Amino acid sequence: MAPGEPAGAAEHDEHGFTEAGLALAEEGESPVPAEGGTDTAGATPDADSAGGFPARDTTYDEEDAAVPAAHHEHPSASYVLRVNGADRPVTGAWIGESLLYVLRERLGLAGAKDGCSQGECGACAVQVDGRLVASCLVPAATAAGSEVRTVEGLATDGELSDVQQALCRSGAVQCGFCVPGMAMTIHDLLEGNHAPSELETRQALCGNLCRCSGYTGVIDAVREVVAEREATAAEAEAAASGAEPRIPHQAPPGEGGIHGDHGHHGDHGTDGHQGDYGHQGDQGPHGDHGTHGPHHNGGMA
């Protein structure tokens, strides 16, 4: 005991433990620092037991048991998509599935491609109610009741559309990954603009990323389709003008006339003004009402 220390005060070692605490340590129990001691190792605030020992730490298993189990189920929905003119039912689908995912994974229409999942590359382009959209950004459930058109719907009776054929002829098809989206973009462009300029074509294709084609063949294909459609329209117009309906026995355009040889008013016509045998010919020799005919039936002289 140090000089001047009050009698009865417990002796401490350099770490602040009492002799009683050291005795407990020798018996296999952790010594407890005396009040005011400096060693706080092993003690946890507000968790001391009644005997002065730290409370047992909570295990991970006990923590997991205390937390409610996470809800891993996703809301599902069933709906009908009208794709390329046919109703396609979708049942038990997660409500957050994109239109691209449903088309590819649930309906087996793999023409639209997943290039970025961010609406930046144009590989997943489809039409919804006639409007070009990035199907990777459209929740499929929101397209229920709408008309969806994919690249598979461009062909007619198994024959590729004129746009698809032109893309093949012009060499615009390289690896093929981006082509379905570009075909949809070109169809959408030509539906609203029948004769786009090169600048308008480039602007329409700016949302379709392609590392293979270089776009030159694509622009050539658009130019070819426009020329073919204009030629077809001109031929159809010419055929329609030559097939105008006429009354029976009417002379074709540019034929016949008042003085025709065998026309309605010709030399032998029933009403010919100068017909030799006209019934009402003014000078007909055998006219019924001819004024100078030698055999007239009602002539004046």
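Only one of Arg104, Arg202, Arg211 is of a type in the set (Lys, Arg), in a helix (DSSP H, G or I) and more than 30 Å from Ser76 (Cβ to Cβ). Can you tell me which?
Unique residue meeting the criteria: Arg202.
So which residues in the stretch 86-144 are among the basic types (Lys, Arg) and farther than 26 Å from Cys175 by Cβ, if there are any at all?
Arg88, Arg131
Only residues that are more than 13 Å from Ala141 (Cβ to Cβ), touching a Lys or Arg at 6+ places or on another chain (Cβ under 8 Å) and part of a strand (DSSP E or B): list them for the stretch 84-101, please.
Once the filter is applied, which keeps residues that are more than 13 Å from Ala141 (Cβ to Cβ), touching a Lys or Arg at 6+ places or on another chain (Cβ under 8 Å) and part of a strand (DSSP E or B), the stretch 84-101 yields only Arg88.
Is it the case that some residue within the stretch 140-149 is within 14 Å of the chain's Cα centre (by Cα), within 19 Å of Asn84 (Cα to Cα) and among the charged types (D, E, K, R)?
Within the stretch 140-149, one or more residues are within 14 Å of the chain's Cα centre (by Cα), within 19 Å of Asn84 (Cα to Cα) and among the charged types (D, E, K, R).
Looking for whichever is in a helix (DSSP H, G or I), at pLDDT 95 or above and either among the polar types (S, T, N, Q) or at positive phi (or both) here; the options are Gln127, Gln165. Which one fits?
Gln165
Within the stretch 108-116, is there a residue that is crowded, with 20+ Cβ neighbours inside 10 Å, over 24 Å from Cys206 (Cα atoms), at pLDDT 95 or above and not assigned by TED's automatic domain parsing to the domain that holds Thr185?
Yes, some residue in the stretch 108-116 is crowded, with 20+ Cβ neighbours inside 10 Å, over 24 Å from Cys206 (Cα atoms), at pLDDT 95 or above and not assigned by TED's automatic domain parsing to the domain that holds Thr185.
Just to be sure I understand, how many residues within the stretch 130-162 are modelled with pLDDT of 95 or more, farther than 18 Å from Gly96 by Cα and in a loop (DSSP other than H, G, I, E, B)?
The qualifying residues number 6.
Residues of the stretch 163-187 being surrounded by fewer than 19 Cβ atoms within 10 Å (Cβ to Cβ) and under 19 Å from Leu132 (Cβ atoms), which ones?
Within the stretch 163-187, Phe177 is the sole residue that qualifies.
The values are calculated or read from the model by the stated rules, or taken from the named source; none is laboratory data. Being a predicted model, the structure only gives us computed values, none of them experimental. Positions of Cβ are backbone-derived with ideal geometry, glycine not excepted, and every protein chain shown enters the neighbour counts.
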